Amino acid sequence: QSPLDVERVREDFPILDREVGDGVPLVYFDNAATTQTPNEVIDTFGDYYRGYNANVHRGIHQLSQEASIAYEEAHDRLAEFVGASGEREEMIFTKNTTEAANLVAYAWGLNELGEGDEIVLTEMEHHSTLVTWQQMAKRTGAEVKYIRVDPEDGSLDMEHAKELIGPDTAMVSVVHVSNVLGTVNPLSELADMAHEHDALIFGDGAQAVPNRPVDVEDLDVDFYAFSGHKMAGPTGVGGLYGKKAILEEMEPFMYGGEMIRRVTYEDSSWNDLPWKYEAGTPLIAEGIAFAVAADYLDDLGLKNIRAHEERVTAEAYDRLSRIDGLEIYGPREDEERAGLVSFNLDGVHAHDLSSILNDHGVAIRAGDHCTQPLHQKMDIAASVRASFYLYNTVEELDALVEGIESAKDIFA
Ligand code: PMP
């Protein structure tokens, strides 16, 4: 029994009523890429542009004040959502998780990293952090090391983590929940290991914040990033949590208006947190809608969302594992797994399978899911990923299984 009234929840998401192809109902299983948006979030944009569209922070007029209050309070809301007691001062709005990683890499890494420093990543990092730290290492002379992933069950080799994280480690950057394997990594244990050696830790929460209660202070991470469009919010906005003391010390990422306090021809000083890290006119409507998405998820309850997803995922795992020739990656049946299942069907390329599934109305993703090195390690060119969210039902899995069976017939 799901703790969510899913039929009622689905009414909040108008897109779920649409049909695709020759009039087949849409089954949206591409939630790890982008989730759908409830009416409350969509309506925020109309309300903003019809009612109080204005630039923020500096206006005396009423519209600007209304927009400023809503935009600034949205930071408090997202800070609270991930358990940051420093409120807005610890919550920077970025474009997405990728920009949040780049912000830290440029603002902190470019200044702090050098020869002899090590950046410890995992073999399951998304390109958003992997490429960013890899390239920042090249620019600064630092070295990147990767904690091994067990190819059998997608778990992180914590013994190897202990070997790699040491006195030369400057930064540990770890994906909290893998977008390919569905592995949930022991982030707080890794944070302890990093801090033991005076290193910082960056958590990639893109796949964690949408579907489980996250508390950055319990995890004791120094930075933590996530994206609005993966948590029922809009595209174009993400959050970067940072510990206040570190954000105060760190250099700005981008320069320009809004991020300054005082400017002369010779020099400039920086605005208060978090505005120091938000140069130029920010993503005002998106930021306000981001907070509405957080409210929406809180109203349903993150624990309920997680329990619902677990139920759909367990059923998906069970049904997929009974299909001959289908190989599932990541945690085994009895291990913790996030709300996604990645797999391959023997003899059918992931893209062909995804195209046949599309004919059945099923939206899933095929490719390397922005983890090319992980796919190389697993010795596969691509994989198919079905990922679930709070509005998906167990009944929708029928279309997935039927689509796979018909692909088997076509390619037999
Ligand atoms: N990290 C993980 C684990 C992800 O799944 C994604 C999105 N696929 C990202 C980072 C990047 O998110 P965005 O594209 O919103 O920057």
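Counting helices only, and only those DSSP H runs with n ≥ 4, report the 222 nm mean residue ellipticity of the chain as the sum of -39,500 (n - 2.57) divided by its residues, in deg cm²/dmol to the nearest 500.
Numbers: 14 runs with 156 residues, N = 412.
Using -39500 (n - 2.57) per qualifying helix, the result is -11500 deg cm²/dmol.
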At q = 0.06, 0.07, 0.14 Å⁻¹, what log₁₀ I(q)/I(0) does the chain have when each alpha carbon counts as one equal point scatterer in the Debye sum? -0.25, -0.34, -1.27
Translational diffusion coefficient (Stokes-Einstein; Kirkwood radius from C-alpha pairs) of segment 246-288 at 20 °C, 1.002 mPa s, in µm²/s: 195
Pull out a ≥ b ≥ c, the square roots of the eigenvalues of the alpha-carbon gyration tensor of segment 279-354, then state rounded if a/c is under 1.5, prolate if not and a/b is larger than b/c, and oblate in the remaining case. oblate
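Take every Cα-Cα pair in segment 1-96 and report what % of them are more than 15 Å apart.
Details: 3430 of 4560 pairs.
The proportion of pairs with Cα distances above 15 Å equals 75 percent.
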Mind pulling the angle between the C-alpha long axis of helix 187-196 and the longest principal axis of the chain? Nearest 10 degrees, somewhere in 0 to 90. 40
Please arrange ASP295, ASP76 by how many other C-beta atoms lie within 10 Å of their C-beta, fewest to most. ASP295, ASP76
For segment 249-378, fraction of C-alpha pairs farther apart than 25 Å, in %: 56
Sorting ASP368, ASP47 on the 10 Å Cβ count, fewest up front, what's the list? ASP47, ASP368
Scalar couplings 3J(HN,Hα) for segment 15-28 by Karplus 6.51 cos²θ - 1.76 cosθ + 1.60 (θ = phi - 60°), nearest whole Hz, x for Gly and Pro, are 5, 5, 7, 7, 10, 10, x, 8, x, 8, x, 6, 10, 9
Limiting things to C-alpha atoms, what are the Rg and the maximum Cα-Cα separation (Dmax) for segment 119-173, in angstroms? 11.4, 35
Compare LYS303, LYS230, LYS276 in a GNM of the chain, Cα atoms joined below 10 Å, and give the one with the largest fluctuation. LYS303
What Kirkwood hydrodynamic radius, in Å, does segment 67-107 give when the mean of 1/r is taken over all pairs of distinct Cα atoms and then inverted? 10.8
Cα axis of helix 284-300 to longest principal axis of the chain: angle in degrees, 0 to 90, nearest 10? 50
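Given segment 186-321, what whole percent of its Cα pairs are spread farther than 25 Å? Show your work: numbers first, answer last.
Details: 3952 of 9180 pairs.
Result: 43 percent of Cα pairs exceed 25 Å.
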Between 0 and 90°, nearest 10: helix 127-140 axis offset from the chain longest Cα axis: 40
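Distance cut-off 28 Å, Cα to Cα: go down the list LYS377/LYS408; LYS230/LYS377; LYS95/LYS162 and report the pairs above it.
LYS95/LYS162
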With N denoting the number of residues in segment 169-234, provide Rg(C-alpha) divided by 2.2 N^0.38 Å, to two decimal places. 1.10
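Can you sort ILE356, ILE364, ILE69 so the residue with the fewest Cβ neighbours within 10 Å comes first? Walk me through the numbers before you get to the answer.
Values: ILE356 20, ILE364 26, ILE69 13.
Listing ILE356, ILE364, ILE69 from fewest to most nearby Cβ atoms yields ILE69, ILE356, ILE364.
Here, each number is a calculation from the coordinates, and none is a lab measurement. If you're wondering where the values come from, they're calculated on a predicted model, not measured in any experiment. Cβ coordinates were reconstructed from backbone atoms using ideal geometry, including for glycine residues, and neighbour counts include every protein chain displayed.
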